[in-house]
Structures are given as C-alpha cells and as structure tokens.
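For reference, the structure is listed below as structure tokens.
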Amino acid sequence: MKLTKKTILSNTVLFVFILGFVLGFGALFGSENILIGVSTITAMLMLLERDFTSHPVMNTMKFVGLNLFMGIAAFLTGFNIWTAIPLNFIVMFVISYFLIYNLKNPLYFPFSLQYLFLLAMPVDAAQLPLRLASLAVGAVAIMAVQMLANRKRIKKSGDKKVEALLEELNEKIRLIREGEPSDEMDRQITGHIGELRSIIYEKREDDYYLTEEGRLKLKISAALEKLNSLLNRMEDKEAQRALLPDVSRLLLVAQDAMQNKGEPGALEETFHQLLQTSNKGKHGRDLFVLRMLHHLDFLKTNLTDLKKLDGKRATFSDKLENIPKTFQKVSIRETPSHTNSIKLSYAIRMAVGISLSAFIVDFFGWEEGRWMMFTVLSVIIPLYEGSKKKMRDRIFATAVGALAVTVLFTIVQSNPVRSLLLMAAGYLMSYIKVYRYSTILVTFSAIGTVALATGATEILTLERIGLVAAGVVLASLINRFILPYKLADANQDLKAMFEDTLCEMRTEVARKADGGGSPDAIRNLLIITTLIEDRLQLNNQESSDAQQTAWLANKRSAAGTLYELYHWIGEHGLTPPAADAVKNCLQPSSGRPCETDDLHAMIGAAPRIEDRLVLSMVLDAMEDLHETRSAISG
C-alpha cells in the first residue's frame, strides 16, 4: 500500500469509526454482545463490494433471519455437548453453502466468525432477548450502510469506470503509435471492464433484468473491450496506423461527453467525419478498419443514449420477457459439476471442522478453546492449494505475535502503556492486508487483551500456540481427506462453464438472425463470461500459463463479438445472404460447414458496408472460438 496523506487520513477516520461503533454497540447491548458489534462492522465493510440495494427490504429480512437463526442455534448448543454437534454442523453448512459462489467473492466469513463469537460467549435464558435484539440490529445496520454507500453505485462508480477506460484506451493508442509496450495498460483496461460489469451484475432485478443504465453501460463496456482487443491485433499496415489519430480524437470527444464537456452533438459529428473519410479512402474494405468503425459506432450510439437518460428511466427495468429456466439456476447448465462441487466441498469441510473442534473444546473444557475454532475457520478454505499456505502463515503469525506480546509486556509493566500498544496494533491492521502479517497483529491484540486483565502473559502465549497448532492439524486432515477441491478441479469446472456460456451465446445470436432471441439472456451471458474470466484469473494469479492466457483472450474476444453482433442485427437487420452466414456459422447444432475462405470472399463481394461489417464480425467470432484461420465446423 502506497502511503499518502489521503490514505493515512481515510484509515484513521475508518479506525475511529470502527472503534466508536464497537464501543457504542457494547454500551447499548452489554459486554456479552460486544463481539457481535465486531462481526457486524466486519460484515459492513466486507459486503460493501457487493450491491444489495435492489431489494432492500427482502435483503434486510434475509440478514435478520440469518442472524436470528445463528443466535437461537448457538443458545441451544449450550444445553448439551452431544446435541451441539448436529446443531453446529447444520449452522456452519448453511452459512458456508449459501454464502459461497461460483463466480463472485464469498460472503461467508463475517457470518461464520459471528457464529464462533456466539459460541465463545454464551448467554443464559434471561440474556437471550437482548442477544437476539443485538443480532437483529446488526443485520439492519449492515443494510443501512448498504443504502448509504451503494444506492447510486451504478451511476457514480459506473461513470468513473467508463471515463477511466476511455482515458486508458487513448493512452494505449499513444503507446502503440510511439512503439512502446502497452501490456500494463492492457491489464488495467481488462480489470476495469471486469469491475464495471460486476457493478452492473449486482444491480440486476430478480437476478436477471438489467436497468436501462445497466444495459447501456454493458454495451459501452463491450465496445471498449472490442476496441482494446482490436488494438492488440493491429498489424503494421498503412491503413491501420492511419486510423489511430482519428480514433484517439473520437475517444477524447467521448471522454468530454461523459464529463458533460464540449458541444452536445460533437460525438456524432466526429464519428460522421471518420466514417466519411474511411468510405472515401482506399482502405474501406480492410478488416481492421471495418471492425474499428463498427466498434466506434457501437460506442458512440450507446454513449449518446446514456447521456440522454433521466433519473427515472435510468433505473427502469423492462420485464416483458419471462426469465428462462436456464437462468433460474446458479449457473448456465444444471450440470452438478457447475453448481455443487466447490459449494458442497467447502460447506461439508467447514461444518465438520467447526462442529468437531467445538466438541473437543467443550469436552475438555478449554477456556481459551475458541482459538482452535478460529484457526479451523481461517485454514479451511475453498481451494486445497490455498489452505496449505494458510496453515504455514497461521503458525508463523501466531508464534511471532505471541513472542512479541511476551517480550513487550515483560518490558512494559504499566497497564495504560500496554493499552496504548494494543490500540496501536489495532490501528496498524488498517495498513497491513497480507494475511501472514495481519495475523501477527491479531495474535498480539488477542493475547494482550486477555493478559491485560489476568496478567498471565506467558501461560496465555503457550496456550494460544498449542490451540492454534491443534486447529492447524485438524484443518489439514479435513482439507486433505474430506472432499478436497483442488485448483485443477476449479479450472476444469470454470472452463467448462465458459464453453457452455459461449455455446448459449452462439445459439442466441443464431436465433436473432432467424427473427427470435432474448436481449436479457445475451446481456446476462456476456456478464457471466466476464465473471468466469475474473474467477479464473484470481484462482491462477500466482501461475503464469501462457496457453491459458491466450485461451482466455480468445474466449473474451469471442464473447464480446457475439454480443455486439446480436445488437447489430437488432438495430440494422440482415440481408438474406448475411442471415444465412450467421446461422450456418454460429448455430452449434446446424452441422453445416462454415469456411473462413467463403467468409473472406463474401466480405470482398458485399456491396453494402453494413453487410461487410456483419460478415467481418462472424469471421472474427469464428476465429476466436476455434483459434484457427482454416476450415471450421459450426
């Protein structure tokens, strides 16, 4: 993290807010419920990356219901250590199964942590109403922060992402013209497109319908993605290089339009001039020029429509079509490997780990046994490879943190000074994001807080190390022998899901060429391809597989082309020869051959520029889908 005045100020304000919230929560609901304040503020901050504001009442009820379910279950576990086993198993299975997702970041951690807090600090029947009230208030507070921070997220954050993408594409053109490498800029562009589509995805109505603003910004993201992909494939030809200054000028005008600068019709006029220049020139049949013109036209049209949107129209969702059965599931297909593997594997492992560690702690009556459960929670993670690193990091961090608190508390005997050290450790956590090192501060704070009250620093240190070691051993055995889910399994499932999604996109485009098609389906399919790609890149961020990088680039390009082709057909229609080419090449079950040589010939012979653009998109998609420029079969 780069330290700036802004970073220090924001982290300090955040630390004060967290401290104030937790202390206020404890004052309101009592010291026995103060840890619920900790888990609530953790959930507030972690869930900010997701937008739950489309259905605020329903989502509030879900959070309240989940919290009350955990509170009642934790209370019931206190009656008997044997009945606690199935109760803990059920609760942890529900949390882990329903709050982990195939394509989005999981949400289970703050709720799993909260359940462990409830087990670690039980209450009697007289205190139960106040505990349940604190859990309900915590759930409402989570949604209150959502409404404050994310209610207009698609407008504010979405506009910023579009402006950043326009600026980055312009910078990439400059680098290309000056012969400088643009790999880093390419990664930034891809990342921002993924973030924009994730924002759009979160704002869907009924997990399917996009708002009007979401639809337009998705189209803009597709145009920008295709422009970026096309720049990567540019050849050193006069026609292609001659086009770059005009493209750069149009992107600057588009950026001004997003910032409400310049004349209202400047974007339309700039594109019209570019189109006239290309039609009059000798390069009007160059594939690069044709594709670039199409992407720029698509960008211009949707940016213009976006700027015309008023507040009411922006949030409108057209729900004329029914949600297809395909989209009533977690993913594209109903194949179990796509929907259940990682969810079922993780949920069972976590449920076994927590129910077993909680039983061991209760059976032996370990007062500080919660550290064994916390270790199991942190070390059992969805992917097996990641858990091995977590085990090493946890042991290292516990040993270092325990040693630090022992040495410092031996030197410093004053309790006020010790309290200041603990507050400093808490503040430093806002700057340190790496698990290995942040856990050192967590260990220091945990042992130091209890030692401050008991004075038994050395005993607590040894006990904490022993419980963490026991948790690591238990978690490692569970990860290894109970439904292990490895990186290779995840890659296989995600790639199969990607292929299925592209197959569905091809079918939708072919249906559109035949007079049918579902606009909402093609939008969802495009967003899903981006989510799959993001998940693949996140899972494999520590490996550099050139073959997989190329595979992803081709699939990403194909998805963008199919999406644009679908909308081009809707806006401009097709002549019969172009419609036949689309159906023959893209319909997966057509069984009719589609030769790239034929497409090249049709492009050269087509008198209308619109037909040449359509055929060039079909050719582009087929080359990406099959990674070859020879004969292919639909």
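Has the range 384-403 got at least one residue that is open to solvent by less than 40 Å² (accessible area, probe 1.4 Å), over 28 Å from Ile18 (Cα atoms), at pLDDT 85 or above and polar (S, T, N, Q)?
Here is the first cut: in the range 384-403, the ones open to solvent by less than 40 Å² (accessible area, probe 1.4 Å) are 384, 386-387, 391, 393-394, 397-398, 401-402.
Restricting the remaining residues to those that are over 28 Å from Ile18 (Cα atoms) gives 384, 386-387, 391.
Narrowing further to those that are at pLDDT 85 or above: none.
Within the range 384-403, not a single residue is open to solvent by less than 40 Å² (accessible area, probe 1.4 Å), over 28 Å from Ile18 (Cα atoms), at pLDDT 85 or above and polar (S, T, N, Q).
Among residues belonging to the range 404-444 that are closer than 19 Å to Val379 by Cα and hydroxyl-bearing (Ser, Thr, Tyr), point out the one that is surrounded by the fewest Cβ atoms within 10 Å (Cβ to Cβ).
For the range 404-444, the residue satisfying everything is Tyr435.
Tally the residues that are loosely packed, with under 14 Cβ neighbours inside 10 Å and either not acidic (Asp, Glu) or not in a helix (DSSP H, G or I) (or both), restricting the search to the range 175-190. Even if it seems obvious, please write down each step before you answer.
Let us first name the residues in the range 175-190 that are loosely packed, with under 14 Cβ neighbours inside 10 Å, namely 177-181, 183-184, 187.
Narrowing the set further to residues that are either not acidic (Asp, Glu) or not in a helix (DSSP H, G or I) (or both) leaves 177-181, 187.
Result for the range 175-190: 6.
Got a sec? Which of Glu610, Glu564 is touching a His at 6+ places or on another chain (Cβ under 8 Å), part of a helix (DSSP H, G or I) and at pLDDT below 75? I'd like the intermediate steps shown before the answer.
Values: Glu564 fails: at pLDDT below 75.
Going through Glu610, Glu564 in turn, the sole match is Glu610.
Report, ordered by the first and then the second residue, all pairs with beta carbons closer than 9 Å, sequence separation of six or more or different chains, a first member in the range 137-161 that is more than 14 Å from Ser198 (Cα to Cα), and a second member that is among the charged types (D, E, K, R) and not in a helix (DSSP H, G or I).
Matching pairs, first to second residue: Gln146/Arg50; Gln146/Asp51; Arg151/Asp51.
Can you tell me which of Ile482, Ile527, Ile532 is touching a helix residue (DSSP H, G or I) at 6+ places or on another chain (Cβ under 9 Å) and at pLDDT 90 or above?
Ile482
Only one of (1) in contact with a Pro (Cβ under 7 Å, 6 or more places away or on another chain); (2) aliphatic (A, V, I, L, M); (3) under 25 Å from Asp305 (Cβ atoms) fails for Met147. Which number is that?
Status for Met147: all satisfied but (3).
Which number in (1) surrounded by fewer than 17 Cβ atoms within 10 Å (Cβ to Cβ); (2) farther than 17 Å from Ala351 by Cα marks the one condition that Pro106 misses?
It fails just one condition, (2).
Can you pull out the residues in the range 359-382 that are of a type in the set (Val, Ile, Thr), open to solvent by 10 Å² or more (accessible area, probe 1.4 Å) and not in a helix (DSSP H, G or I)?
Ile381
Touching a residue at least 12 places away in the same chain (Cβ under 8 Å), assigned to a helix (DSSP H, G or I) and not aromatic (Phe, Trp, Tyr): is that true of Arg506 in this structure? Show your work before the answer.
Working: touching a residue at least 12 places away in the same chain (Cβ under 8 Å): yes; assigned to a helix (DSSP H, G or I): yes; not aromatic (Phe, Trp, Tyr): yes.
The answer is yes for Arg506.
Scan (1) open to solvent by less than 40 Å² (accessible area, probe 1.4 Å); (2) of a type in the set (Asp, Glu); (3) within 30 Å of Pro577 (Cβ to Cβ) for the single condition Glu499 breaks and write down its number.
(1)
Ala223 is checked against (1) of a type in the set (A, V, I, L, M); (2) open to solvent by 20 Å² or more (accessible area, probe 1.4 Å); (3) modelled with pLDDT of 80 or more and fails just one. What number does that condition carry?
It is condition (2) that Ala223 fails.
Taking Gly71 as the residue in question, decide whether it is on the phi > 0 side of the Ramachandran plot and among the small types (Gly, Ala, Ser).
Details: on the phi > 0 side of the Ramachandran plot: no; among the small types (Gly, Ala, Ser): yes.
In short, no.
Inspect the range 279-299 for any residue being assigned to a helix (DSSP H, G or I), open to solvent by less than 80 Å² (accessible area, probe 1.4 Å) and modelled with pLDDT under 75 and give the result as yes or no. Walk me through it before giving the result.
Of the range 279-299, the ones assigned to a helix (DSSP H, G or I) are 279-280, 287-299.
Within this subset, residues satisfying the condition of being open to solvent by less than 80 Å² (accessible area, probe 1.4 Å) are 287-299.
When the remaining residues are screened for being modelled with pLDDT under 75, the result is 287.
Checked the range 279-299: at least one residue is assigned to a helix (DSSP H, G or I), open to solvent by less than 80 Å² (accessible area, probe 1.4 Å) and modelled with pLDDT under 75.
Would you please name the residue that is nearest to the chain's Cα centre (by Cα), looking only at residues in the range 76-91 that are open to solvent by less than 60 Å² (accessible area, probe 1.4 Å) and of a type outside the set (S, T, N, Q)?
Just the residues of the range 76-91 that are open to solvent by less than 60 Å² (accessible area, probe 1.4 Å), to begin with: 77, 81, 84-85, 87-88, 91.
In the following step, the residues that additionally are of a type outside the set (S, T, N, Q) were identified as 81, 84-85, 87, 91.
On the way: Ile81: 39, Ala84: 35, Ile85: 34, Leu87: 31, Val91: 25 Å.
If we take residues in the range 76-91 being open to solvent by less than 60 Å² (accessible area, probe 1.4 Å) and of a type outside the set (S, T, N, Q), then Val91 is nearest to the chain's Cα centre (by Cα).
Take Gln146 and decide whether it is out of contact with any His (no Cβ under 9 Å at 6 or more places or on another chain) and open to solvent by less than 60 Å² (accessible area, probe 1.4 Å). Please lay out each step first, then the result.
Details: out of contact with any His (no Cβ under 9 Å at 6 or more places or on another chain): yes; open to solvent by less than 60 Å² (accessible area, probe 1.4 Å): yes.
Yes; evaluated as a whole, the condition is true for this residue.
Tell me which residues, restricted to the range 222-237, are farther than 20 Å from Glu564 by Cα and in contact (Cβ under 8 Å) with a residue 24 or more places away in the chain.
Quick first cut of the range 222-237, residues farther than 20 Å from Glu564 by Cα only: 235-237.
Passing the criteria: Glu235, Lys237.
Within the range 33-48, track down each residue that is open to solvent by less than 10 Å² (accessible area, probe 1.4 Å) and more than 24 Å from the chain's Cα centre (by Cα).
Passing the criteria: Asn33, Ile36, Gly37.
Taking the criterion of being among the charged types (D, E, K, R), at pLDDT 90 or above, closer than 26 Å to Leu218 by Cα and buried (at least 20 other Cβ atoms within 10 Å of the Cβ), would at least one residue in the range 150-162 satisfy it?
yes
Among the residues in the range 19-28, are any of a type in the set (Phe, Trp, Tyr) and within 24 Å of Ala149 (Cβ to Cβ)? Break it down stepwise before answering.
Initially, the range 19-28 is screened for residues of a type in the set (Phe, Trp, Tyr), giving 21, 25.
When the remaining residues are screened for being within 24 Å of Ala149 (Cβ to Cβ), the result is 21, 25.
Yes, the range 19-28 contains a residue that is of a type in the set (Phe, Trp, Tyr) and within 24 Å of Ala149 (Cβ to Cβ).
Would you check which residues across the range 80-110 are within 23 Å of Ile34 (Cα to Cα), modelled with pLDDT under 95 and among the hydrophobic types (A, V, I, L, M, F, W, C) and list them?
Residues of the range 80-110 that are within 23 Å of Ile34 (Cα to Cα), as a first pass: 88, 91-92, 95, 107-110.
This time we only want the ones that are modelled with pLDDT under 95, so: 107-110.
Result: Leu107, Phe109.
Can you tell me which residue among Val94, Val22, Val16 is free of Cβ contacts under 8 Å to residues at least 12 places away in the same chain, of a type in the set (Val, Ile, Thr) and either open to solvent by 30 Å² or more (accessible area, probe 1.4 Å) or in contact with a Gly (Cβ under 7 Å, 6 or more places away or on another chain) (or both)?
Details: Val94 fails: free of Cβ contacts under 8 Å to residues at least 12 places away in the same chain; Val22 fails: free of Cβ contacts under 8 Å to residues at least 12 places away in the same chain.
Going through Val94, Val22, Val16 in turn, the sole match is Val16.
Can you find a residue that is of a type in the set (Phe, Trp, Tyr) and more than 19 Å from Phe359 (Cα to Cα) anywhere in the range 82-100? Give the derivation first.
Restricting attention to the range 82-100, the residues satisfying the condition of being of a type in the set (Phe, Trp, Tyr) are 82, 89, 93, 97-98.
Filter once more, keeping what is more than 19 Å from Phe359 (Cα to Cα): 97-98.
Yes, the conditions are met somewhere in the range 82-100.
The values are calculated or read from the model by the stated rules, or taken from the named source; none is laboratory data. Quick caveat: nothing in here was measured; it's all calculated off a predicted structure. Positions of Cβ are generated from backbone atoms using ideal geometry, with glycine treated the same way; all protein chains shown enter the neighbour counts. Remember, those area values only see protein heavy atoms, side chains included, never the ligands or the DNA or RNA. Shrake-Rupley method; radii C 1.70, N 1.55, O 1.52, S 1.80 Å.
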